[in-house]
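Below is one structure, written out as structure tokens, with a few remarks after it.
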Amino acid sequence: MAVRHPLPYSWAKANTLLLEDSGDQLTLWMPPATTPSAASAEVMRLYAVDAIELEAADTLALRIARAYAGGESSAATVIGEVESAVDLSRLMQDIPAVEDLLEAANDAPIIRMLNALLTQAAKDGASDIHIEPYERSSAVRFRVDGTLREVVRPNKALHAALISRLKIMAELDIAEKRLPQDGRISLRIGGRAIDVRVSTLPSAHGERAVLRLLDKGDSSRFSLESLGMGGDTLTRFKRLTAQPHGIVLVTGPTGSGKTTTLYAALGQVDTGTTNVLTVEDPVEYELPGIGQTQVNPKIDLTFAKALRAILRQDPDVIMIGEIRDYETAQIAIQASLTGHLVLATLHTNDAPSAVTRLTDMGVEPFLLSSSLLGVLAQRLVRKLCPICRRQDERGHWHPVGCPECGMTGYKGRTGVYELMVADSGVQALIHARAAESQLFVAAEKGGMRTMREDGERLVASGITSREELVRVTRES
């Protein structure tokens, strides 16, 4: 039987008390004190408490958040209750967003339904929530570890109310259903600050919404080692990011962890003695000691305009969220040539093709060859679930699937990397407008390993499977 928590979350949180009902025993968790508080005395008066456990107040607060974020109000359960008991005319009520979603257990049904979805997504580690209308039903899917999985199929009658509630929380126009809209929601789930980017899009059967979840937690947990970088690649990349000037590029498709890698690289910089400034869209994590600027196209604050302003702020290190156009690329190259270290991301499939991408934008090869320090290409591979993974007679590891990993066989992700260092040979080829194939050969001579070759170390150690590595790297 699942453990129940009889006390309301908001009251338990305010008084730092946790009452657990396991079915055969009632346990009260409380912080150590010389005399019992009035709140704990009231709990013991109302409930036949069998045991008392003492725990420090800060760790008990975390225990309370985890307990109430558990499975008692899973999205499927709450949506089932809403469909069976709700009066649809009540769903459109304009009720303001709550500060902490776990405190909203008894609100209007549609709010409970949306809060349950957001809470479960945060608990499952989802990066996106897709709410999609079809002819006879709706579908809610979570993107976990890079792949979409269906969570629940609510009644189609609830879809419009759910989208309207989302628009209210994101401060969008609920009357406008013909045009795409973008907004954001800042909320807390069990004490964790979550930033939600909301995008709505009209479709054949109603509006669909995609929510991008950004956990605004402690970004200091990022390190290059924890992101899966190792060996020679790690040593050489750290050497590049320690240079006083030049440009270092991180490339890959959307959602491949480029910005996270740059955050980890900035974590190596001594912010006490250097001025580090970033321009991003959006600011995904707040970094201590670093000045972060978010672009805003609505008021014409573009990457290029923000970069020009940053160069007047006496920076030592500049991070650019993405080089999208010639103007941004030109300013980044000029900044790297005038004594600044520039870290930036770019959308290309491998490291050598970043050079072609920049020259296609209009960057002169002679400027690029003298400023480029190196290019890191990366992908994210799913890690095998440590509980259910299976090893065959040849020593190869394979996914199986268990409740812990959602029956996928994988849990969590790590990176595979390809680092091209711009040595004298590579610089000469860039200057001569050489083809990508020639750059690739020169980079391999300089010590570059492809992402497939880098991933072999993860396959050998049982961290991921060969089929997952092949799926992600897509090499013949």
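The values are calculated or read from the model by the stated rules, or taken from the named source; none is laboratory data. Everything numeric here is computed off the predicted structure, so don't read it as measured data. Glycine also receives a Cβ, built like all others from the backbone with ideal geometry; neighbour counts cover every protein chain displayed. Accessible surface areas use protein heavy atoms only, side chains included; no ligands, DNA or RNA. Shrake-Rupley method; radii C 1.70, N 1.55, O 1.52, S 1.80 Å.
Quick look at the values:
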quantity: Any chance Ala175 is among the aliphatic types (A, V, I, L, M) and in a loop (DSSP other than H, G, I, E, B); calculated: yes
quantity: When residues of region 347-371 are limited to those that are among the acidic types (Asp, Glu) and in a loop (DSSP other than H, G, I, E, B), the one most open to solvent (accessible area, probe 1.4 Å); calculated: Glu364
quantity: Exclusive hit being open to solvent by 80 Å² or more (accessible area, probe 1.4 Å), basic (Lys, Arg) and assigned by the TED database to the domain that holds Thr356, set Lys383, Lys411; calculated: Lys411
quantity: Which numbered condition Glu72 fails, given (1) in a helix (DSSP H, G or I); (2) of a type in the set (Asp, Glu); (3) at pLDDT 85 or above; calculated: (3)
quantity: Inter-residue pairs, beta-carbon under 7 Å, first among the polar types (S, T, N, Q) and in region 216-242, second modelled with pLDDT under 90, 6+ apart; calculated: Ser219/Tyr285; Ser219/Glu286; Ser219/Leu287; Ser220/Gly267; Ser223/Gly267; Thr241/Gln268
quantity: Qualifying position, being within 22 Å of Lys238 (Cβ to Cβ), assigned by the TED database to the domain that holds Thr278 and of a type in the set (Val, Ile, Thr), among Val363, Val342, Val400; calculated: Val342
quantity: The one condition in (1) over 30 Å from Thr356 (Cα atoms); (2) of a type outside the set (D, E, K, R); (3) in contact with a helix residue (DSSP H, G or I) (Cβ under 8 Å, 6 or more places away or on another chain) that Val416 fails to fulfil; calculated: (1)
quantity: Failed criterion for Glu280 (all others in (1) open to solvent by 30 Å² or more (accessible area, probe 1.4 Å); (2) within 17 Å of Lys258 (Cβ to Cβ) hold); calculated: (1)
quantity: Residue match in region 211-231 (condition: within 25 Å of Thr414 (Cβ to Cβ), at pLDDT 85 or above, open to solvent by 60 Å² or more (accessible area, probe 1.4 Å) and touching a Leu at 6+ places or on another chain (Cβ under 9 Å)); calculated: yes
quantity: Residue match in region 396-403 (condition: farther than 28 Å from Thr260 by Cα, within 25 Å of the chain's Cα centre (by Cα) and open to solvent by 40 Å² or more (accessible area, probe 1.4 Å)); calculated: yes
quantity: Odd one out for Asp173, checked against (1) touching a Gly at 6+ places or on another chain (Cβ under 8 Å); (2) without any contact (Cβ under 8 Å) to a residue 12 or more places away in the chain; calculated: (1)
quantity: Region 116-138 residues that are farther than 15 Å from Val196 by Cβ, paired with ones that are assigned to a strand (DSSP E or B) and hydroxyl-bearing (Ser, Thr, Tyr) (beta carbon under 7 Å, 6 or more apart); calculated: Glu132/Ser138; Pro133/Ser203
quantity: Sole exception among (1) within 15 Å of the chain's Cα centre (by Cα); (2) crowded, with 20+ Cβ neighbours inside 10 Å for Ile189, by number; calculated: (1)
